[in-house]
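For reference, the structure is listed below as structure tokens.
The values are calculated or read from the model by the stated rules, or taken from the named source; none is laboratory data. Predicted, not measured: the structure shown is a model, and the values here were computed from it. Virtual Cβ from ideal backbone geometry, glycine too; neighbours counted across all protein chains shown. What goes into the accessible areas is simple: the full protein's heavy atoms, side chains included, and nothing from ligands, DNA or RNA. Shrake-Rupley method; radii C 1.70, N 1.55, O 1.52, S 1.80 Å.
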Amino acid sequence: MDLAELGAFLKSRRDRIRPGDVGLTAGPRRRVPGLRREEVAHLAGASVDYYTELERGGSARPSEQMLTALARALRLTSDERDHLFHLAGHPSPPAHGPLGHVHPAMLALFDRLADTPARIMTDLHEPLTQNRLATALLGPLPTVQNRRPGTDSHVYLWFTRPDTRDLYPAEDHARHSRDFVSDLRAVAARRDDPDVHRMVSELRTRSAEFAALWEERDVALRRHATKRLVHPVIGAIELDCHNLFSEDGRQRLLWLSAPPGSPAADRLALLAVIGTQELPTGERLV
């Protein structure tokens, strides 16, 4: 572990990133071409004081979750991310899963979706990152604390935690369940790895609904759907749900949109103003 070198490495990566690279407006009177410390802190979901201490090498060892957030904020390559973990005394993260590396092309598109809820997930629906409007609409991302692969997946939570469904009308639950299972079967056939097999096995044991749907053997990746949500502040809203897959199929960019001038578009605009200031805490996932 070398926290002093970690701080120097963070600063060097910060200096090379331009505001436009991460969806920020440069604005006038910038004294440096790279990002400011407060901008990196904002992108990583950290306090400015905490990030400043990291660059100075005076903070305690950062968690794997914070390192992952910093790697995404600074658009690190997979080699740079592994180096960051090494400097902080952590093993390199797995290639996939909640701590996995987000494809740069996905992030480039994601940065341009500030005015619509957007999230990047793995193919198993494990959330990797989301924008401010997605947090306001769907709730904060769960905290990853040494969980097994797949247990942060929204599919897994949908069938094992009833409160995951609270954001959706009860009459839509059966349709979502069927869509999730057919999507997971398509991913499982393509992946054919122990993490997916373990996830499917656990779901078949824990959820009779999942087990019954799995036996139907429907296969269909979720690419587009219309989704109704019941938000605690803005009320009922119907949105178009889009999925764009990475070239290797292991990650998906999800964004939710509404037709211009529609009531749903007006509600999204209201939510953008309200933000998360009135929302209850807790984990809710798309």
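Quick notes on this one:
- Rg/Rh for the stretch 187-233, where both radii come from Cα atoms and Rh is the Kirkwood radius: 1.09
- The Rg/Rh ratio for the chain is 0.98, where Rg is the radius of gyration of the alpha carbons and Rh is the Kirkwood radius.
- The chain - accessible surface per residue (Å², probe 1.4 Å): 47 Å²
- Dipole axis of the chain (+1 Lys, Arg; -1 Asp, Glu on Cβ), positive-most option in Val196, Ala118, Leu221: Ala118
- Nearest 10 degrees, 0 to 90: helix 64-73 Cα axis against the chain principal axis: 80 degrees
- Protection proxy ranking of 251-263, 214-226 - average other beta-carbon atoms within 10 Å, highest first: 251-263, 214-226
- Whether the stretch 29-132 is rounded, prolate or oblate, judged on the alpha carbon gyration tensor where a/c under 1.5 counts as rounded: oblate
- Solvent-accessible area, 1.4 Å probe, carbon plus sulfur percent, for the chain: 53 percent
- Counting only alpha carbon atoms, the long axis of helix 194-206 and the longest principal axis of the chain meet at about 50°.
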